[in-house]
Amino acid sequence: MKVVGIIGYKKSGKTTLLVNLARELKKRGYKVSTVKHTSGSLDLPDTDTTKHKEYISEVAAISPYESIIFLKGEKKLEDILSYISADFVLVEGFKSEKTFPKIVCLREEKEAAQLFDGLQICAAMLSPVNVKLDVPVFKISTDSEKIADLVCEKAFKLPNLNCGSCGYESCFELAKEIAQGRKSINECVSLNSPIKITVNGNSLALNPFVTKVIQGAIEGMLSPLKGFRKGEIEIKIK
């Protein structure tokens with residue numbers, strides 16, 4: 001799963017860009033999901049689902065056309081991503097997230113100083129006029145193909161474990177290096193763990209300490225079994 005953020009202030013064209021970009025990626029054969037941050041309520045007015053939510057902490061609704069799940073309280077982005085299976089996830093909002101690259105939607109050039117955090121891979125504007133920045137600047141209404149090319153090349157997601165095994169103090173520090181093309185996602189030790197665990201098709205990130213504990217525990221439990229030989233181990237639990 002690759003992730004890219006789309007951030008910017010109100011009326012900067014974020015949603016328009018997200019829709020255009022999703023359409024272009026889907027046209028290329030990719031499965032695309034989106035996650036949006038909002039400061040308001042997610043209630044659906046005058047519906048039975050809303051009545052359920054008054055007393056129940058987790059509510060799901062299923063129809064022939066779509067399914068939704070409402071969870072009480074604000075969740076971390078990683079919690080929501082665990083429900084998603086897609087080639088690309090487009091994240092609208094979440095300015096403070098620091099583990100994936102971002103497209104910054106600008107209403108005017110001076111906003112770049114406020115929104116650029118080292119993770120920007122390009123800027124997008126409704127009407128770019130003589131704007132000079134240290135990243136490419138695209139027009140939201142006409143440059144979907146160029147932006148999609150960049151997303152296919154640059155999108156990634158670090159696990160937000162901040163384990164330090166890559167040599168950087170935080171995932172944010174490594175993410176900036178990857179976004180600027182100075183490092184690659186292969187630098188993340190947790191994503192390249194010798195142990196791969198997937199739950200319902202979604203990979204779980206493991207820091208090096210947890211990896212060693214799991215590896216030692218599994219080998220220790222299997223070693224007394226007849227026929228056991230050290231080597232690659234595959235366990236599936238259904």
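Out of all the residues in the stretch 154-184, which are over 16 Å from LYS102 (Cβ atoms) and of a type in the set (A, V, I, L, M)?
The one that is over 16 Å from LYS102 (Cβ atoms) and of a type in the set (A, V, I, L, M): LEU161.
Can you work out which of the residues in the stretch 153-164 that are modelled with pLDDT of 95 or more and open to solvent by 40 Å² or more (accessible area, probe 1.4 Å) is farthest from the chain's Cα centre (by Cα)?
Per the criteria, the residue is GLU153.
When only residues in the stretch 1-31 that are open to solvent by 40 Å² or more (accessible area, probe 1.4 Å) and of a type outside the set (D, E, K, R) count, which is modelled with the lowest pLDDT?
Only one residue tops the list, namely MET1.
Which residues, taken from the stretch 204-224, are without any contact (Cβ under 8 Å) to a residue 40 or more places away in the chain and either open to solvent by 100 Å² or more (accessible area, probe 1.4 Å) or of a type in the set (S, T, N, Q) (or both)?
The answer is THR211, LYS212, GLN215, MET221, SER223, PRO224.
So, in the stretch 95-131, how many residues would count as being part of a loop (DSSP other than H, G, I, E, B) and farther than 17 Å from VAL4 by Cα?
8
Name the single residue, out of those in the stretch 76-113 being in contact (Cβ under 8 Å) with a residue 12 or more places away in the chain, under 17 Å from VAL135 (Cβ atoms) and among the acidic types (Asp, Glu), that is least open to solvent (accessible area, probe 1.4 Å).
Ranking the qualifying residues of the stretch 76-113, first place goes to GLU111.
I need the full set of residues from the stretch 165-180 which are at pLDDT 90 or above and in a loop (DSSP other than H, G, I, E, B), in order please.
CYS166, GLY167, TYR168, GLU169, SER170, GLN180
Only one of GLU145, GLU169 is of a type in the set (Asp, Glu) and touching a residue at least 60 places away in the same chain (Cβ under 8 Å). Can you tell me which?
Within the list GLU145, GLU169, the selection yields GLU145.
Have a look at LYS236, LYS146, LYS183 and point out the one that is part of a loop (DSSP other than H, G, I, E, B) and at pLDDT 95 or above.
Unique residue meeting the criteria: LYS183.
On the basis of being modelled with pLDDT under 85, in a loop (DSSP other than H, G, I, E, B), open to solvent by less than 100 Å² (accessible area, probe 1.4 Å) and among the hydrophobic types (A, V, I, L, M, F, W, C), does ILE195 make the cut?
Considered against the rule, which asks whether it is modelled with pLDDT under 85, in a loop (DSSP other than H, G, I, E, B), open to solvent by less than 100 Å² (accessible area, probe 1.4 Å) and among the hydrophobic types (A, V, I, L, M, F, W, C), ILE195 comes out as yes.
A quick yes/no check of all residues on (1) of a type in the set (S, T, N, Q); (2) under 30 Å from ASN20 (Cβ atoms):
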| position | (1), (2) |
| --- | --- |
| LYS146 | no, yes |
| SER165 | yes, no |
| GLU187 | no, no |
| ILE195 | no, no |
| THR198 | yes, no |
| LEU206 | no, no |
| SER223 | yes, no |
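Considering each residue of the stretch 118-134, count those that are open to solvent by less than 40 Å² (accessible area, probe 1.4 Å) and free of Cβ contacts under 8 Å to residues at least 24 places away in the same chain, and give that number.
Here the count works out to 1.
Can you tell me which of ASP143, ASP149, ASP134 is more than 17 Å from VAL4 (Cα to Cα) and charged (D, E, K, R)?
ASP134
Quick check, is SER144 buried (at least 19 other Cβ atoms within 10 Å of the Cβ), out of contact with any strand residue (DSSP E or B) (no Cβ under 7 Å at 6 or more places or on another chain) and among the small types (Gly, Ala, Ser)?
yes
The values are calculated or read from the model by the stated rules, or taken from the named source; none is laboratory data. Remember, predicted model here, so these are calculated numbers, not experimental data. When we count neighbours, we look across all protein chains shown, and the Cβ atoms used for this are built from the backbone with ideal geometry, even at glycine. To get the accessible areas, we keep the full protein, side chains included, count just its heavy atoms, and leave off ligands, DNA and RNA. Shrake-Rupley method; radii C 1.70, N 1.55, O 1.52, S 1.80 Å.
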